[in-house]
Amino acid sequence: MRNLARILVTALALWITTLIVGGSGENGIWVKQVGDDVMGLVFTFVIVAIIFAIVNMTIGKVVRFVSIPLRILTLGLFSLIINGLMLLLLNWITDLIGFGLKADGFWWAVLGAIILSISTTILAAVLGVRKK
């Protein structure tokens, strides 16, 4: 049940991220949704959040482990680059599916990762998802 709540918090944080970082036209981060209705948009965000969780649990763990010396050297700032790369990987995977998260470039993905991590932390604290 807690995993479902974390997925929904991530989906809501992705929505907030696209509202904040979503630029005009094809600049920023936006979502190519399944349908034209609200349920299609909600479905898209939930599917993207599930894919994002799978990417972070598999590839993200490996990349974070391998980059420990670089993260120590940069006092943790390299984590922002890793999170941006994870969003670009999510962009590539959802592009193969045909819908999902779209990022205009690397620096947009890094900015989106910053906003996503802040909004996820705030939402998880407010909703009490991280409590055991």
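The values are calculated or read from the model by the stated rules, or taken from the named source; none is laboratory data. Computed from a predicted model, the values in this text were never measured in an experiment. Neighbour counts run over all protein chains shown; Cβ positions are idealised from the backbone, glycine included. Only protein heavy atoms, including side chains, enter the accessible area calculation; ligands, DNA and RNA are left aside. Shrake-Rupley method; radii C 1.70, N 1.55, O 1.52, S 1.80 Å.
Inspect region 71-94 for any residue being buried (at least 16 other Cβ atoms within 10 Å of the Cβ), within 19 Å of Ile118 (Cα to Cα), out of contact with any Pro (no Cβ under 7 Å at 6 or more places or on another chain) and touching a residue at least 40 places away in the same chain (Cβ under 8 Å) and give the result as yes or no.
Yes; the residues of region 71-94 include at least one that is buried (at least 16 other Cβ atoms within 10 Å of the Cβ), within 19 Å of Ile118 (Cα to Cα), out of contact with any Pro (no Cβ under 7 Å at 6 or more places or on another chain) and touching a residue at least 40 places away in the same chain (Cβ under 8 Å).
Quickly run through region 23-56 and pick out the residues that are outside any helix (DSSP H, G or I) and either among the β-branched types (Val, Ile, Thr) or out of contact with any helix residue (DSSP H, G or I) (no Cβ under 9 Å at 6 or more places or on another chain) (or both). Before you say what the answer is, go through the steps one by one.
Going through region 23-56, the residues outside any helix (DSSP H, G or I) turn out to be 23-37.
Within region 23-56, Ser24, Gly25, Glu26, Ile29, Val31, Val34, Asp36, Asp37 qualify.
Here's the yes/no breakdown for (1) at pLDDT 85 or above; (2) surrounded by fewer than 18 Cβ atoms within 10 Å (Cβ to Cβ):
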{"site": "Met1", "(1), (2)": "no, yes"}
{"site": "Ala5", "(1), (2)": "yes, yes"}
{"site": "Val9", "(1), (2)": "yes, no"}
{"site": "Thr17", "(1), (2)": "yes, no"}
{"site": "Phe43", "(1), (2)": "yes, yes"}
{"site": "Ile54", "(1), (2)": "yes, yes"}
{"site": "Gly60", "(1), (2)": "yes, no"}
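If you check every pair at least six apart or on different chains, which have Cβ atoms under 7 Å apart with a residue in region 112-124 that is over 16 Å from Leu19 (Cβ atoms) first and a residue that is open to solvent by 50 Å² or more (accessible area, probe 1.4 Å) second?
Partner pairs satisfying both residue conditions: Ala124/Arg130.
Whether any residue in region 98-105 is of a type in the set (A, V, I, L, M, F, W, C), open to solvent by 70 Å² or more (accessible area, probe 1.4 Å) and touching a helix residue (DSSP H, G or I) at 6+ places or on another chain (Cβ under 7 Å) is what I want to check.
Here is the first cut: in region 98-105, the ones of a type in the set (A, V, I, L, M, F, W, C) are 99, 101, 103.
Okay, now just the ones that are also open to solvent by 70 Å² or more (accessible area, probe 1.4 Å), so none.
Looking through region 98-105, none of the residues is of a type in the set (A, V, I, L, M, F, W, C), open to solvent by 70 Å² or more (accessible area, probe 1.4 Å) and touching a helix residue (DSSP H, G or I) at 6+ places or on another chain (Cβ under 7 Å).
Taking only region 51-70 into account, find how many residues are free of Cβ contacts under 8 Å to residues at least 24 places away in the same chain and under 25 Å from Ala11 (Cα atoms). Please lay out each step first, then the result.
Filtering region 51-70 for residues free of Cβ contacts under 8 Å to residues at least 24 places away in the same chain gives 54, 57-58, 61-70.
Those still in the list that are under 25 Å from Ala11 (Cα atoms) too: 54, 57-58, 61-64.
Qualifying residue count, region 51-70: 7.
In the set Ile68, Ile122, which member is open to solvent by 80 Å² or more (accessible area, probe 1.4 Å) and of a type outside the set (Phe, Trp, Tyr)? Lay out the reasoning, then the answer.
Details: Ile68 fails: open to solvent by 80 Å² or more (accessible area, probe 1.4 Å).
Of Ile68, Ile122, the one residue that is open to solvent by 80 Å² or more (accessible area, probe 1.4 Å) and of a type outside the set (Phe, Trp, Tyr) is Ile122.
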